[in-house]
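Peer 1: One structure, as structure tokens, below. Some questions next.
Since every read-out is calculated from the coordinates, none of them should be taken as a lab result. Treat the numbers as computed from the prediction; the structure is a model and nothing was measured. All Cβ positions, glycine included, derive from the backbone under ideal geometry; neighbour counts span all protein chains shown.
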Amino acid sequence: MKVSRRTLLGTSAFATAVVAAPWVARAQSAEFSYKYANNLPVAHPMNVRAKEMADAIKAETNGRVEIQIFPSNQLGSDTDMLSQLRSGGIEFFTLSGLILSTLVPVASINGIGFAFPDYPSVWKAMDGELGQYVRNQIAKANLVAMEKIWDNGFRQTTSSTKPIQGPEDLKGFKIRVPVSPLWTSMYKAFDAAPASINFSEVYTALQTKVVDGQENPLAIIATAKLYEVQKYCSLTNHMWDGFWFLANRRAWERLPENLRTVVAKHVNAAGLKEREDVAQLNAGLQKELTDKGMVINQPKAEAFRDKLRTAGFYAEWKGKYGDEAWSVLEKYTGKLS
């Protein structure tokens, strides 16, 4: 499947029509009719693959399981939808581990700065013991996390003043960050000047030089047209984040075991396809951003890691996550703290 930025933006008439109503794998007299909500545009690979997933589940269960898909925050903010998932108002929800950490603190461990250098190392960890560890902690919150985490992406750094080649370039650098202790503490460790600004205000903040730069996955840099107010894009890959496909435990256990097996199989298969789609999308976006006039560079991670280590960043977060979780992380990243 080829996913272009045009597809991501949902410019097709089909995508526009779907925004007005949920995607539904229709079945007559479905025995189990469940809602699945997410925060991404209708034509993002997540929703394209979820539509295929819902259709496959309907077919294999002979119409017993119906999945209604609500994209684009139709059912509220991430916080709202997480609350609905916990109460049973919705049955399925995909959520960033960095946001899920408000409920399950260790869920943000995959976002530790410069822990993962590339996608192969991410998937080895998240499909392996680290992912299992996080899922076990999620289970303690009465949620069920499917085996395969979906891709949100590596975050990259943009700037209006200079490329970020090494940690010294971040000293005194005014950078917008989300409202999150993990981001703030990382950039303070680099002696940068992080500013927590709502994303809706980021373009204006960059345009008026309130901040010099920001960080986000390439898809957001492109779709938010940040290339209009940023000259440089440094592929720092400083944080990776994914979406856990979560189920309300009571709703999940209402499904007979044979139906749970079918649903899990198709959810995980869709997640793997979504990973491939995002990789393809990111590869195309590098060229697109270059064509838009951005200067792209790819710094090495080692110097950034060394700076975070000497600044005590890793030691601080090891203390917050605990020795057990940290030792599992380091099995895949090598020694950090």
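Peer 1: Rounded, prolate or oblate: which fits the range 210-337, taking a ≥ b ≥ c as square roots of the Cα gyration tensor eigenvalues, rounded meaning a/c under 1.5, else prolate when a/b beats b/c?
Peer 2: oblate
Peer 1: Can I ask one more? Report the relative contact order of the chain, percent, no decimals, based on alpha-carbon pairs under 8 angstrom and at least 6 residues apart. Mind dumping the intermediate values first?
Peer 2: Numbers: 594 pairs, mean separation 78.0, N = 337.
Relative contact order of the chain: 23 percent.
Peer 1: Still on this model: In the range 110-218, how many lysine pairs have Cα atoms under 22 Å apart, counting only pairs 8 or more places apart or on different chains?
Peer 2: For the range 110-218, qualifying lysine pairs total 11.
Peer 1: Hey, if you drop one equal point scatterer on each alpha-carbon of the range 171-220 and run the Debye formula without solvent, what base-10 log of I(q)/I(0) do you get at q = 0.16 Å⁻¹?
Peer 2: -0.40
Peer 1: So what's the convex hull volume per residue for the Cα atoms of the range 55-197, in Å³? Walk me through the numbers on the way to the answer.
Peer 2: Details: hull volume 21.8 nm³, N = 143.
In the range 55-197, the Cα hull volume divided by residue count equals 153 Å³.
Peer 1: A further question follows. Using a Cα distance threshold of under 30 Å, what count of lysine pairs results for the range 239-337 when pairs must be 8 or more residues apart or interchain?
Peer 2: Value for the range 239-337: 20.
Peer 1: Using the basic label-point model (7 angstrom from Cα toward the beta carbon), what is the Ser327 to Glu253 distance in nanometres?
Peer 2: 3.1 nm
Peer 1: Now a separate question. Which one is right for this structure if Rg and Dmax of the Cα atoms in Å is calculated from it: (i) 20.1, 62; (ii) 24.2, 78; (iii) 21.9, 71?
Peer 2: The listed entry that was calculated here is (i).
Peer 1: Let me ask something additional. If you take the beta carbon distance between Glu60 and Leu272 as r and set R0 to 25 Å, what does 1/(1 + (r/R0)^6) give as a FRET efficiency, to the nearest 0.05?
Peer 2: Details: r = 17 Å, r/R0 = 0.69.
With R0 = 25 Å, the Cβ-Cβ based efficiency is 0.90.
Peer 1: Points 7 angstrom from Cα along the Cβ direction at Glu168 and Lys140: gap in nanometres?
Peer 2: In this crude spin-label approximation the distance works out to 4.4 nm.
Peer 1: How much length is gained on full extension from Lys300 to Asn73, taking 0.36 nm per residue of separation minus their Cα-Cα distance? The partial results should precede the final answer.
Peer 2: Working: separation 227, 0.36 × 227 = 81.72 nm, distance 3.60 nm.
Contour length minus the Cα-Cα distance gives 78.1 nm.
Peer 1: Of Ala279, Asn237, His266, which is farthest on the positive side of the dipole of the range 230-283, counting Cα position, with +1 on Lys and Arg Cβ, -1 on Asp and Glu Cβ, and the Cα centre as origin?
Peer 2: Farthest towards the positive end: His266.
Peer 1: Run the simple label-point estimate for Thr102 and Val179 please: 7 Å along Cα→C-beta, distance reported in nm.
Peer 2: Using points 7 Å along Cα→Cβ, the separation is 0.9 nm.
Peer 1: Helix-derived [θ] at 222 nm for the chain: sum -39500 (n - 2.57) over DSSP H runs of at least 4, divide by residue count, nearest 500? Mind showing how you got there, number by number?
Peer 2: Values: 15 runs with 152 residues, N = 337.
Result for the chain: -13500 deg cm²/dmol, rounded to the nearest 500.
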